[in-house]
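Down below is the structure, laid out as structure tokens.
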Amino acid sequence: MCVTIENQTSLVLSDMNKLLIGIAIAFTLTACAAPRYNYVKDGASAHQRTDALSECEYQIRLNKTPASDQAKLLNLCMQGKGFRMKRIN
């Protein structure tokens with residue numbers, strides 16, 4: 001029995017598609033399971049949170065803060081505005 005190159009190619013592509021679909025499903029499930037965090041403040045809207053976050057990020061960049069310090073300073077800035085980082089899902 002002879003197998004043509006076309007059949008072999010379609011078989012390889014089929015296996016490749018199965019692998020890619022499996023990887024996509026794994027990433028999707030991982031993303032759904034990962035806890036998400038965001039800044040929250042009683043009585044503050046999402047718009048107010050975005051404004052506060054933008055202002056803090058702007059100040060950090062304006063002062064040319066080293067990358068290693070930026071996350072800590074962002075958290076301190078947001079805490080100073082009354083926001084706290086909490087799990088949202």
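Quick notes on this structure:
- Search result, residues across region 41-53 that are of a type in the set (A, V, I, L, M) and surrounded by 14 or more Cβ atoms within 10 Å (Cβ to Cβ): Ala44, Ala52, Leu53
- Qualifying positions in region 64-89 - exposed (fewer than 10 other Cβ atoms within 10 Å of the Cβ) and free of Cβ contacts under 8 Å to residues at least 24 places away in the same chain: Lys64, Pro66, Ala67, Ser68
- In region 23-40, residue modelled with the lowest pLDDT [restricted to those that are small (Gly, Ala, Ser) and surrounded by fewer than 10 Cβ atoms within 10 Å (Cβ to Cβ)]: Ala31
The values are calculated or read from the model by the stated rules, or taken from the named source; none is laboratory data. Remember, predicted model here, so these are calculated numbers, not experimental data. When we count neighbours, we look across all protein chains shown, and the Cβ atoms used for this are built from the backbone with ideal geometry, even at glycine.
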